[in-house]
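S.K.: If you scroll down you'll find the structure; I have some questions about it.
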Amino acid sequence: MAKRKLDICVLSDIHLGTYGCHAVELLDYLHQIETDILVLNGDIIDAWQFKKRYFPKAHVSVLQHILQLSRNGTKVFYLAGNHDEFLRRHIPLQMESFYLDNKLILEINGERLWFFHGDVFDASIQGSKWLAKLGGKGYDWLIRINHIINTILDRMNRPRMSLSKKVKESVKQAAKFIRDYEKIAADHAIDQDYDRVICGHIHQPQIRTIQNQKGSVIYMNSGDWIENLSALEFVQNKWRIYRHEEDFIPDDFNAEEFSDVDSPDWDLKQKEIDISSILSTEQILHVL
């Protein structure tokens, strides 16, 4: 099958190193596209939940594929998030076609685009990081329980369900948090005369126009690869949300061969990353 050609692909909140990460599905997606620019909009590696005993081959293969894209000429912009904030000590960094930073500003067709992860607008992250990390662990356990439930539902030929989505939909405060987050991001973008603001962080894929008294901006969010399995794609001068469950067309590539849970024997006691070797997968994973 011929690969789909994209001008820009935006991925965020992959959370490599966690049980909820759908790395196999992401590999399926990555092997079906070619893109001039790949924006990794934060929380690609999950250092908060990182465990040496759990980093499957598929997770390593995602990193290797991304790094190979940069070697082959794709401009890869890695914008650090809160779960991979250990990389922020090395910002800004450029090595060939690989860029590490907190934000990215592009001008496309007369529009100014502002890319960044978005955790700066999350009061729970800025004010009580320990509480946010505790919530992250709870979320990871919820995803693990959800996986068991969905395995049972699959065997019963019944539709899958998302516990986290049900929790978010049933808790008014969660819905208010999402609305407030989107509004704050949009307000800052309008104040700085951006036409589009592209975030991650809240795991809610979205493209919509937000207005305030000063103007309007197009707010976009790439979603995640925990629940929504989504990305933002820019092709033929149009932005769209890719949803893996709806848009993926199976081909001959079989990512299932990467689905084992064996972890490589890396020494995670090393405290520093050798930044001169940051394009080495092993060095990137020497976290804290």
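None of the figures in this text is laboratory data; all of them are computed from the coordinates on show. All values derive from a computational prediction rather than experimental measurement. With ideal geometry, Cβ positions are generated from the backbone for all residues, glycine too; neighbour counts draw on all protein chains shown.
S.K.: Express in % the proportion of alpha carbon pairs of the stretch 40-107 at distances exceeding 17 Å. Intermediate results must be reported in sequence, preceding the final value.
M.R.: On the way: 1089 of 2278 pairs.
Percentage above 17 Å: 48.
S.K.: Quick one: if you stick a label point 7 Å off each Cα along the C-beta vector at residue 106 and residue 236, how many nm between them?
M.R.: Once both label points are built, they end up 1.8 nm from each other.
S.K.: Still on this structure, I have one more. Mind giving me the FRET efficiency for residue 5 and residue 91? R0 is 30 Å, r the Cβ-Cβ distance, nearest 0.05 is fine. List each step's numbers first, then the result.
M.R.: Numbers: r = 30 Å, r/R0 = 1.01.
With R0 = 30 Å, the Cβ-Cβ based efficiency is 0.50.
S.K.: Enumerate by residue number the GluC sites (Glu not before Pro) in the stretch 54-108 meeting two conditions: DSSP loop (anything except H, G, I, E, B), and at most 11 other Cβ atoms within 10 Å of the site's Cβ. Please report the intermediate quantities before stating the final value.
M.R.: Working: sites: 85, 96, 107; in loops: 96.
Filter output for the stretch 54-108: 96.
S.K.: Let me ask you something else. Would you mind checking 5/57; 183/214; 75/103; 5/238 for any pair whose Cα atoms are more than 18 angstrom apart?
M.R.: On the way: 5/57 27 Å; 183/214 13 Å; 75/103 14 Å; 5/238 13 Å.
From the list (5/57; 183/214; 75/103; 5/238), the Cα-Cα distance tops 18 Å for 5/57.
S.K.: Exactly which trypsin sites (Lys or Arg not before Pro) in the stretch 203-243 are in a DSSP loop and have at most 13 other Cβ atoms within 10 Å? Don't skip to the answer; put the middle values down first.
M.R.: Values: sites: 208, 214, 238, 240, 243; in loops: 214.
For trypsin sites (Lys or Arg not before Pro) across the stretch 203-243 that sit outside H, G, I, E and B with at most 13 neighbouring Cβ atoms in 10 Å, the list reads 214.
S.K.: Treat each spin label as a single point 7 Å out from the Cα along the C-beta direction, and report the residue 216 to residue 156 distance in nm.
M.R.: 4.6 nm
S.K.: Using Cα centres only, tell me the gap between the stretch 1-54 and the stretch 58-116 in whole Å.
M.R.: 12 Å
S.K.: Loop-only check: which trypsin sites (Lys or Arg not before Pro) in the stretch 10-103 are DSSP coil with at most 12 other Cβ within 10 angstrom?
M.R.: On the way: sites: 51, 52, 53, 57, 71, 75, 88, 89, 103; in loops: 52, 53.
Passing sites in the stretch 10-103 are 53.
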